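Bear in mind that the values in this text are calculations on the coordinates, not laboratory data. It should be emphasised that the depicted structure is a prediction, and the values quoted were computed from it without experimental measurement. No Cβ is skipped: glycine too gets one built from the backbone with ideal geometry, and neighbour counts run over all protein chains shown.
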Amino acid sequence: MSERIATVSRDTQETRITVTVNLDGTGKLACETGVPFLDHMLDQVARHGQIDLEIKAEGDLHIDDHHTVEDLGITLGQAFAKAVGDKRGIRRYGHAYVPLDEALSRVVVDFSGRPGLFMDVEFTRATIGRLDTQLFWEFFQGFVNHGMVTLHIDNLKGFNAHHQAETIFKAFGRALRMALEPDERMAGQMPSTKGCL
């Protein structure tokens, strides 16, 4: 399998973002978004996904975090789509259950070529730190729309909002790792009866 590294930049009147991903990394993160809790969550994705991420984001945080979080999801999705290439030889599907104390989340991903987000999460607080918990949906919506993946996210248990979010992002990283792994039995083959994804 060839090197799976990609860099994508997004420059708008609201944000300037550059993302580099290495899908076969060691879990390293270099991240500056200006949104501390988001940086913490991206660290979970990198570490548990064994994906190297370099992220530089400047946004209109004087307004709020919305544009930065949403546009980062978009740019990250574009980078994943570029890095994964034609998807030959990958597992395609990935899933993970992750607990953290009282919280438990399940994430299932399909590099299907079709965007779809199905998220069943009731956060117990409206904010974590300063981050509006509604923005997690915006982040994942941006990712699936531009990464062309189907993503199911379910928080099954939890009363601590920090734990709820952390189990989601850890499970997201683990599910990505599984889906993107080379499948020796599918070497060189497209993981679809259609012949394309």
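Tallying residues that are β-branched (Val, Ile, Thr), over 21 Å from Phe136 (Cβ atoms) and under 15 Å from the mean Cα position of the chain (by Cα) within segment 19-60 yields 1. When you look at Ser105, is it of a type in the set (S, T, N, Q) and surrounded by fewer than 21 Cβ atoms within 10 Å (Cβ to Cβ), yes or no? It is false that Ser105 is of a type in the set (S, T, N, Q) and surrounded by fewer than 21 Cβ atoms within 10 Å (Cβ to Cβ). The residue list Phe118, Phe136 contains one member that is among the hydrophobic types (A, V, I, L, M, F, W, C), within 23 Å of Asn160 (Cβ to Cβ) and under 15 Å from the mean Cα position of the chain (by Cα), which is Phe136.
Filtering segment 81-103 for residues that are assigned to a helix (DSSP H, G or I), of a type in the set (Gly, Ala, Ser), touching a strand residue (DSSP E or B) at 6+ places or on another chain (Cβ under 6 Å) and touching a residue at least 24 places away in the same chain (Cβ under 8 Å) leaves a non-empty set.
Take Asp71 and tell me if it is within 15 Å of the chain's Cα centre (by Cα), charged (D, E, K, R) and under 15 Å from Phe139 (Cβ atoms).
On the way: within 15 Å of the chain's Cα centre (by Cα): yes; charged (D, E, K, R): yes; under 15 Å from Phe139 (Cβ atoms): yes.
Taking the combined requirement at face value, the residue satisfies it.
(1) surrounded by fewer than 16 Cβ atoms within 10 Å (Cβ to Cβ); (2) within 23 Å of Ala79 (Cα to Cα); (3) not polar (S, T, N, Q): which one isn't true of Leu176, the others all being true? In the conditions (1) surrounded by fewer than 16 Cβ atoms within 10 Å (Cβ to Cβ); (2) within 23 Å of Ala79 (Cα to Cα); (3) not polar (S, T, N, Q), Leu176 misses (1) alone.
None of Gly116, Gly85 is under 15 Å from Arg4 (Cβ atoms) and either surrounded by fewer than 16 Cβ atoms within 10 Å (Cβ to Cβ) or among the aromatic types (Phe, Trp, Tyr) (or both) except Gly85. Restricting attention to segment 141-197, the residues that are touching a residue at least 60 places away in the same chain (Cβ under 8 Å), in a loop (DSSP other than H, G, I, E, B) and touching a strand residue (DSSP E or B) at 6+ places or on another chain (Cβ under 9 Å) total 4.
Of all the criteria given as (1) among the charged types (D, E, K, R); (2) outside any loop (DSSP other than H, G, I, E, B); (3) under 18 Å from Pro182 (Cβ atoms), the one not satisfied by Glu70 is (3). The residue pairs whose first member lies in segment 108-131 and is without any contact (Cβ under 8 Å) to a residue 40 or more places away in the chain and among the basic types (Lys, Arg), whose second member is loosely packed, with under 14 Cβ neighbours inside 10 Å and in a strand (DSSP E or B), and whose beta carbons are closer than 6 Å, counting only pairs six or more residues apart or on different chains, do not exist in this structure.
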